[in-house]
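Bear in mind that the values in this text are calculations on the coordinates, not laboratory data. Here the structure is a predicted model, which means the values were calculated and not measured. When we count neighbours, we look across all protein chains shown, and the Cβ atoms used for this are built from the backbone with ideal geometry, even at glycine.
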Amino acid sequence: MDKVIRIVAALPGIMFVVMGLRWVVDPAGAAAAVGMPLLDGVARSTQIGDLGSFFVGAGIMILLGVVTLQRIWLYCASLLIGVVAIFRVLAWAVQDAALTTQFIGVEIVITALLLFAASRLSRTADRGADDAPGGATDGTPDGTLDRESADST
């Protein structure tokens, strides 16, 4: 079952990386795909840099989570993507932007998929002290104190 979940979770990761790279090789097409014109000057630099890095970064986080089985990467990617949906709704509610339900829907589905995948993936790689949530907090692989260090404190 983990293998199916990993494959399904990897699909948006691949799509995000491709979309991010598209901002470099075909920025007009990438802009059109997200309903934007390609801007000029400094605005184009910002548009390509910010959006390209968002898509590549989120895609890499997803793929890292799928490959390493470290849930934290999927949680981070889902946070980024979920916040985009929230900000789209805020843009509509506060700034008179169009309510882009088709994009919001996709972002919610991808966020839910990543959170589900994170909850179902094997915990074997999540047990290090540097990993969160649910990882060890005391530096031992299983999160328990050994008897010697417990006695010395």
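Derived scalar couplings between HN and Hα for region 9-20 equal 5, 5, 4, x, x, 5, 4, 5, 4, 4, 4, x Hz in order, rounded to whole Hz, by the Karplus curve 6.51 cos²θ - 1.76 cosθ + 1.60 (θ = phi - 60°), x for Gly and Pro. Residues whose amide H falls under 5 Å from that of Ala97, counting only those 5 or more places apart or on a different chain, are Trp92, with hydrogens built in the peptide plane. Residues in region 25-36 carry Karplus couplings, in order, of 8, 8, x, 5, x, 5, 5, 4, 5, 10, x, 10 Hz; the curve used is 6.51 cos²θ - 1.76 cosθ + 1.60 with θ = phi - 60°, and Gly or Pro positions show x.
Extension gain, Ser45 to Leu21: 0.36 nm times the residue separation minus the Cα-Cα distance gives 7.2 nm.
Distance from the Cα centre of region 38-108 to that of region 4-21, in angstrom? After rounding, the separation between the Cα centres reads 14 Å. Summarising the label geometry, the points placed 7 Å from Cα in the beta-carbon direction at Ser119 and Asp96 lie 4.1 nm from one another.
Using 0.36 nm per residue of separation minus the Cα-Cα distance, give me the extension gain between Ile86 and Leu11 in nm, one decimal.
24.7 nm
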